[in-house]
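Below you'll find the structure, written out as structure tokens, and then a few comments.
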Amino acid sequence: MSEKQEATKGLKKVLGFISLFIITIGIVVSQSSVVSILQGAGLGGGTFFIAILIAFIIALCYICTYSELALIMPKAGTVSTYTAVSMGHFPAIIAALSAYVAPTLFGSIAELFLLQNVVDTIMPGSFSNISLIVVWVFALLNIFGIDLFASIQSTISFTMLVTLIVIGFVGLGTNNSQGIPPAQIVQNFIHPNSAVFTLVLVALWPFIAFELVCDFIEEAKKPVKHIPKAMFSACITLLFAYCLIAFAAMKLVPAEKLSNTDIPHLILGEVIFGNSGKIIILILSITTTCGFISTGFATTPRLLYGMAHHKQLPTIFMNLHPKWRTPWFGVLFITILITMAILLFSNNRDALLMLVITGASCYLLSYIIAHIDLIILRKKYPNYPRPFKSPWFPLLQIIGIAGMIYAFINNSPTPELRLKVYINVAIFISLTGTFAFCWVKYKMRKGLFEPETIEQAIKD
């Protein structure tokens, strides 16, 4: 096969560091993450900064794990690839479908409904179908090419990040303070109360999903250098942005107003900018939601693409657009699922919230599996080349596992809701487990826990 034929066979290598950094920001920041930060600020005051730091450390742990795993096996399948090599295809399929397809589906619906809520509050009745418009516009953008996606995503994510930081800095200089005095915020940070332990989960959501940039590893120009750098840089940048906007919110808005509303960012915007704040928050809402939806369409289909290469899904998920070299069927598949969910849950948002929490809880399980994957692969392949090596092994992995278990156990504010989430997680994993069992045993004709060799995983 000629070099030209090889270059057109797979995904296009077009992404540099800036593109990967911006994509990572767009993956992680969403309206729900901003809402979590502001509600946490209302619930915990200065103590919440301790929770943010704990969440930041947990995020660094899984970033280290994924950086090593992704560069050992630089394939688009991510967790499905790593788990297939460490534990076999059965747990690999469960991990991938439970941890990524569910959060993408239900998390996208939550973002779209939050956007609709803000739009309806600011401009009642103006754009009743904005959710469907956003979904299909960004589905087409992702099908039309990763370079076009990166250009659009750069604009969206840059605008979103700048808007967050501007709100924070302008908020610091605003004098009409109705919240907690800055001296008391600092005092609560220095002497935190027990609320910090109940706020870790709230602070962790905004630091979830940095690893999804690994799905672009086959399209990165210099993956060894740029993939880990993009994740670490984005994590540090967002730590600064989140702390900045949280401090401004604590200072300017009464705690009960922040914690008792679904749109605290709109309240903060009005306090800082008056009526003009509505437009600023509308821009923030549009950019965060569009960024989240767009990156979801870009990452999850590439996960499905990688799984199909490992024969873990039907081969149709391997199909690339003949011109744009994008996994068009995976994008279309996710788009149709989200569209159906919008139509199904538009009048029952309480049920949707339950499904979002369930999907997010499944997400935490994937991090536990990834940490276990690394521990197993260090033992099975001790001398295998590792362009990036997680420091202080296995301390970071143990901390990461413990943190995720704690967050999973405390995934809901009430015992009743928590029990329902546990039941839903069990049902969802049972469904994916049934599919994985039948597919591995009867289609792949392999043992459920028969590991793939690392050489075969890289070759596929």
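We did not get these values from a lab; they are worked out from the coordinates using the rules stated. Because the structure is a prediction, the values reported are computed rather than measured. Here the Cβ is made from the backbone with ideal geometry for all residues, glycine too, and neighbour counts use every protein chain on show.
Here are some notes:
- Sorted on the mean count of surrounding Cβ atoms within 10 Å across their residues, most packed first, peptides 156-166, 242-252 read 242-252, 156-166.
- Positive-end ranking of Phe138, Ser67, Pro451 along the dipole of the chain, with charges on Cβ about the Cα centre, is headed by Pro451.
- Computed over the range 14-445: relative contact order in percent, which uses C-alpha pairs under 8 Å that are six or more apart: 35
- The residue among Ala426, Phe393, Ser194 whose Cα reaches farthest toward the positive pole of the charge dipole of the range 14-445, with charges on the beta-carbon of Lys, Arg, Asp and Glu, is Phe393.
- Counting only Cα atoms, the size of the range 65-117 along its three principal axes is 44, 23, 16 Å, in decreasing order.
- Annotated for the range 203-339: lysine pairs at least 8 residues apart or interchain, Cα distance under 30 Å, count 10.
- Residue-wise HN-Hα coupling along the range 318-329, computed from phi with Karplus coefficients 6.51, -1.76, 1.60 (Hz; x: Gly, Pro): 7, 4, 10, 4, x, 9, 8, 6, 10, x, 4, 5
- HN-Hα J in Hz across the range 422-427 - Karplus 6.51, -1.76, 1.60, θ = phi - 60°, x for Gly and Pro: 4, 5, 5, 4, 4, 5
- The string of couplings for the range 272-288 from the Karplus curve (6.51, -1.76, 1.60, θ = phi - 60°) is 7, 10, x, 5, 5, x, 4, 5, 4, 5, 4, 4, 4, 5, 5, 5, 5 Hz, one whole number per residue in order, with x for Gly and Pro.
- Listed candidates [x] 28.1; [y] 22.4; [z] 21.6 - label of the one calculated as Kirkwood radius over Cα pairs in Å: [y]
- The range 375-460: C-alpha gyration tensor shape, a/c 1.5 cut-off, then a/b vs b/c: oblate
- As a proxy for reagent exposure, ranking Tyr82, Tyr422, Tyr305 by other Cβ atoms within 10 Å from fewest up yields Tyr422, Tyr305, Tyr82.
- Charges were assigned to the Cβ only: +1 to each Lys and Arg, -1 to each Asp and Glu. The resulting dipole of the range 14-445 about its Cα centre is roughly 1300 debye.
- The range 165-221: Rg to Rh, with Rh as the Kirkwood radius over Cα pairs: 1.18
- Seen against the Cα atoms of the chain and their longest principal axis, helix 223-252 is set at about 20 degrees.
- Mean residue ellipticity, 222 nm, helices only, the chain: the sum of -39500 (n - 2.57) across DSSP H runs of n ≥ 4, divided by residue count and rounded to 500, is -23500 deg cm²/dmol.
- Mean Cβ neighbour count within 10 Å, used as a protection proxy, ranking 290-300, 53-63 highest first: 290-300, 53-63
- Of the peptides 312-320, 400-408, the order by per-residue mean of other Cβ atoms within 10 Å, starting with the highest, comes out as 400-408, 312-320.
- Degrees between helix 349-380 axis and first principal axis of the chain (Cα, 0 to 90, nearest 10): 50
- Inter-label distance, Phe158 to Gln178: 3.6 nm, where each label sits 7 Å from its Cα along the C-beta direction.
- Ascending count of other beta-carbon atoms within 10 Å, so fewest first, for Ser276, Ser32, Ser233: Ser276, Ser233, Ser32
- The distance between label points at Gln187 and Phe144 comes to 5.7 nm (points 7 Å beyond Cα on the Cα→Cβ vector).
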